[in-house]
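Structure record follows, encoded as structure tokens.
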Amino acid sequence: MTAIHILGFGAYTPERRMSNDELTRLVDTSDEWIVSRSGIRARHVLADGEQNSDAGTKAALQALEHANISPESITHVLTATCTPDYLCCPSTACIISSNLGIHGEMAFDISAACSGFIYGLDLAKGILSHSPDANILLVATEALTRRINWQDRGTSVLFGDGAGAMILGAGSSTGKAQLIDSKCRADGAQHLLLTVGGGSNHRYEPGDAVQPDFYIQMQGREVFKVAVRSLTAICREILSRNELEVGDIDLFIPHQANLRIIEAVGSRLAMPHDRIFVNVDEHGNTSAASIPLALREAWELGRIQPGMKVLLSTFGGGFTWGAALLQF
Ligand SMILES: CC(C)(COP(=O)(O)OP(=O)(O)OC[C@H]1O[C@@H](n2cnc3c(N)ncnc32)[C@H](O)[C@@H]1OP(=O)(O)O)[C@@H](O)C(=O)NCCC(=O)NCCS
């Protein structure tokens, strides 16, 4: 089996920070409600004129520097996002390629909502298995605040903007870590529980106002239950097929959607608190970007050291979910 190396990873957080108190000026809510229901204290927001692809490009630049690799060496650009610059085309991956001067073999977007980054890892594994000379830039970037209806207090308090990126390669190169395994799942039966619309299911004439489904819409309570169940199951599955126990995991980086979801999954897995990385308090839910953002932050804080096994897991709209195991 081809060894998949993680050559470098990066992240980008927009400068503008919006606290819960600031949000209470836009929507009928309170810091106390948001913190107790989600653990979120702030989120970051793209500046006017700053695009989702700009955020992704900044994260990619940090990943390239971390990998000590030039953009010209990149053969594939995969971008996980549910808030692309353009809904249909060009892909955000093509725009990021252009920003970086990459003229590779493939550039395309992955639409798997919050699971896009783990889906991207699994796809990268497949590409590298048949093209071991490829160098893959996987970017996960989101501009979710552009799709927030600030009057909807059930969703507007939960999401933020951000980006993360990773460079993957195969062969004899030694990287920062190895991707030991990844596993993805999907089930569309409940796809209407979490939507971000604006697609071709409405006919728009020039000048029409957008329909309500243009914005994030969610049945939070139902999503919560499925998320806890699916995240727990996929973690158990990936551990079991690698003959690992929870005790073998040095750091667990779950999707940063909500502290209560993270705690519920942690307790079902019997994962010690000090092995679970949490930064949802500072970023809110940044969808596909959440895991690579948390990974870079954990690494910068010294929470990841050589020799460690790191478990990633995610859940998102669709529904989609997945997990990955990294060996540092
Ligand atoms: C969204 C979520 C935080 C709501 O928490 P909840 O405990 O389920 O709350 P409910 O939606 O049942 O609402 C409870 C009450 O709070 C109110 N409420 C909702 N949002 C509020 C807000 N931002 N501020 C204040 N009150 C709010 C509701 O109107 C309701 O009031 P009522 O009882 O008078 O009708 C929670 O369901 C959740 O985290 N779901 C998962 C969301 C998620 O992570 N999705 C992404 C997955 S990738």
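Nothing in this text is a laboratory measurement; each read-out follows from the coordinates by a stated rule. Note that the structure is predicted; figures quoted are calculated from it, not measured. Cβ sites come from the backbone with ideal geometry, for glycine too, and all protein chains shown count toward neighbours.
Give me the Kirkwood hydrodynamic radius of segment 51-196, using the inverse of the mean 1/r over all pairs of distinct Cα atoms, in Å to one decimal.
15.9
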Restricting to Cα pairs below 8 Å that are 6+ residues apart, what does the relative contact order work out to for the chain? Please round to a whole percent. 25
Work out how much length residue 70 to residue 26 would gain on full extension: take 0.36 nm times their residue separation and subtract the Cα-Cα distance, in nm to one decimal. 11.5 nm
With springs connecting C-alpha atoms under 10 Å apart, model the chain as a Gaussian network and identify which of 142, 105, 263 has the largest mean-square fluctuation. 105
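Once every DSSP H run of n ≥ 4 in the chain is given -39500 (n - 2.57) and the sum is divided by its residues, what mean residue ellipticity at 222 nm do you get, rounded to the nearest 500 deg cm²/dmol?
Values: 9 runs with 100 residues, N = 328.
After summing the helix terms and dividing by the residues of the chain, the value is -9500 deg cm²/dmol.
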The simple spin-label model distance between residue 111 and residue 190, using points 7 Å out along Cα→Cβ, in nm, is 2.2
Cut-off is 10 Å between beta-carbons; in what order do 41, 25, 241 appear when sorted fewest neighbours first? 25, 241, 41
Assigned charges on the beta-carbon of Lys, Arg, Asp, Glu; segment 200-288 dipole about Cα centre (debye): 340
Quote the relative contact order of segment 222-276 in percent (integer), defining contacts as alpha-carbon pairs under 8 Å separated by 6+ residues. 43
Per-q log10 I(q)/I(0), the chain, q = 0.07, 0.13, 0.15 Å⁻¹ (Debye; single scatterer per alpha-carbon; no solvent): -0.25, -0.91, -1.23
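Determine the dipole magnitude for segment 4-176: charges of +1 sit on the beta-carbon of Lys and Arg, -1 on that of Asp and Glu, nothing else is charged, the reference point is the Cα centre, and the result goes in debye to the nearest 20. Don't skip to the end; give the middle numbers.
Numbers: 12 positive and 19 negative charges, 63 e Å.
It comes to approximately 300 debye.
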Excluding residues on the same chain fewer than 8 positions from residue 176, give the lysines whose Cα lies under 27 Å from its Cα. 58, 125, 309
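Once fully extended, how much extra length lies between residue 210 and residue 229, figured as 0.36 nm per residue of separation less the alpha-carbon to alpha-carbon distance?
Numbers: separation 19, 0.36 × 19 = 6.84 nm, distance 3.41 nm.
This chain segment gains 3.4 nm when fully extended.
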Ordered by number, the chymotrypsin sites (Phe, Trp or Tyr not before Pro) in segment 183-221 that occupy a DSSP loop and have at most 13 other Cβ atoms within 10 Å are 204
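Rounded to the nearest 0.05, what FRET efficiency do residue 236 and residue 35 give with R0 = 41 Å and r taken as the Cβ-Cβ distance? Could you check? Please list the in-between numbers first.
Details: r = 30 Å, r/R0 = 0.73.
So the FRET efficiency works out to roughly 0.85.
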Virtual spin-label span in nm between residue 203 and residue 244, 7 Å along Cα→Cβ: 5.2
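Name the helices (complete DSSP H segments) of the chain with a Cα length along the long axis of 27 Å or more and a Kyte-Doolittle mean of at least 0.0, or state none. Before the final figure, lay out the partial values.
Working: long enough: 220-241 (31 Å, 0.30).
Once both thresholds are applied, what remains is 220-241.
Based on Cβ point charges of +1 for Lys and Arg and -1 for Asp and Glu, what charge dipole magnitude is obtained for the chain about its Cα centre, in debye rounded to the nearest 20? Present the calculation step by step, with values, prior to reporting the outcome.
On the way: 26 positive and 36 negative charges, 145 e Å.
For this selection, approximately 700 debye.
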